[in-house]
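Here is the structure we will look at, set down as structure tokens.
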Amino acid sequence: MLVIYLVHNFSTGRVVPVVGGTMLLFSWFPCPSFFKMLARIFGLFSHDIGVDLGTSNTLVLVLGKGIVVREPSVVAIHSKSRDILAVGSDAQAMLGKTPASIAAVRPLRHGVISDFEVTERMLSYFIRKVHKSPTSLPRIPRPRVVVGIPSLVTEVEKRAVSDALRRAGARESFLIQEPMAAAVGAGLPVEEAKGSMVVDIGGGTTEIAVISLGGIIVGRSLKVAGDALDQAIVDYARKKYHLLLGERMAEDTKIKLGEATKGKRREGTVRGRDLKTGLPKTVAVSSHEIGEAIADPLAAIIASVKDVLEDAPPELVPDILDQGITLAGGVAQLRGIEKRFVRELGAPVNVAKDPITCVVRGTGVVLEKKELLKRISV
């Protein structure tokens, strides 16, 4: 146990923490800044963290340590008691395989909270997890947290995220728009009087934005992204092969065989249930077929990018042409996507380094830049 004394120095007007003893106590002389100092004291014993609270995956960055959590946004709960049985990868392995007494759920849909209670408990689990690292002093999970959220969420949805963070243990929470976080994480000059364009294609949403002087000039949030590509593969297999695929099989097939531009033919197999016989079935498929399956959602994303470019102020268009359009998010790793965007848009396109972590790396940058955080938090 630990004793923390807060001693007010009347000559300097400052409160000085003194640590010692075996039990957590607060002994203090009355002073106006007590509660602010108390928050600072908690800060000494907890990490500042950035969170990419995604539909498919949740990433957590600890300031000074980097990304320490990279887990699927899935929670397994007992249907009656509502006890948490597993979170992240362990829960994802249960998707579609659980008995009636267990539900494996994704608490976020299209980038926003669909199940408040489960999201809160998932966040609490991740916050506790990053504070378990052994250090010279005990870690108290009362962090300052920055979270990326979709750009077009409502005020109610913003409050839901803030409330979930507070209940999960955050002493301070800040929300920043995902395209801004992705642009910062990709190293774009968002604070300069220069146009930067980012397309963040995640699991539930595609965030498109033109940014200048620390603000989004033109933006669009589209509920077509990685999950829509998975569903397109499921629909294709059902229509062409009368085969019902599971969610995990469709996602794995997208990763292994998906392509945005026709390239060298690659072969693979998909496994599911034959809709005619009801029996298990394995079908050979090619990368060209999967490319055909996901063509429509990709076309919808590109059409939205064109709309944002058309709405961008003409003064910013030369800047975008000079530095190119930056792609971020998990779908930015799709084979041939850079070539497809260049062909369709007629502008230079760059895939960000490690595109899936751009948002969470951006939250880490703004945690260190208090003035930038103040300007871009919503």
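Read the figures in this text as sums done on the coordinates, not as results from a lab. In this text, all values refer to a predicted model and were calculated from it rather than measured experimentally. We place every Cβ from the backbone using ideal geometry, glycine too, and count neighbours over all the protein chains shown.
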Acute angle (nearest 10 degrees) that the helix 295-311 long axis makes with the longest principal axis of the chain, alpha-carbon atoms: 60
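Just check the chain against the gyration tensor rule for me: Cα atoms, a ≥ b ≥ c as the square roots of the eigenvalues, rounded for a/c under 1.5, and otherwise prolate or oblate depending on whether a/b exceeds b/c.
Numbers: a/c = 2.80, a/b = 1.46, b/c = 1.92.
Cα axes put the chain in the oblate bin.
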Candidates Ile320, Ile102, Ile356: whichever shows maximal mean-square fluctuation once the chain is modelled as a Gaussian network with Cα springs under 10 Å: Ile102
HN-Hα J in Hz across the range 283-288 - Karplus 6.51, -1.76, 1.60, θ = phi - 60°, x for Gly and Pro: 10, 7, 10, 10, 5, 5
Amide H contacts of Ser173 (H built 1.01 Å from N, under 5 Å, at least 5 apart or other chain): Val145
Amide proton proximity set for Val218, modelled H, under 5 Å, gap of 5+: Val210
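Expressed in nm to one decimal, what extension gain is obtained for the pair Glu371 and Ser101 from 0.36 nm per residue of sequence separation less their Cα-Cα distance?
Numbers: separation 270, 0.36 × 270 = 97.20 nm, distance 4.88 nm.
Net length gain for the segment: 92.3 nm.
Given the DSSP H assignment, sum -39500 (n - 2.57) over each helix run of at least 4 residues in the chain and divide by its residue total; what's the result at 222 nm in deg cm²/dmol, nearest 500?
Result for the chain: -11000 deg cm²/dmol, rounded to the nearest 500.
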Rounded to 5, the percent of DSSP beta bridges in the chain classed as antiparallel: 70
Amide hydrogen neighbours beyond the local backbone of Val199, cut-off 5 Å, H modeled: Thr326, Leu327, Ala328
Distance in nm between pseudo-label sites at Asp115 and Asp311 (7 Å out along the Cβ direction from Cα): 3.3
Per-residue HN-Hα couplings for the range 224-235 [Karplus 6.51, -1.76, 1.60; θ = phi - 60°; Hz; x = Gly/Pro]: 10, 7, x, 5, 5, 5, 4, 5, 5, 5, 4, 5
Centre separation in Å (Cα based) which lies between the range 80-94 and the range 195-209: 30
For the range 241-247, Karplus couplings with θ = phi - 60° (6.51, -1.76, 1.60), whole Hz, Gly/Pro x: 10, 6, 10, 9, 9, x, 4
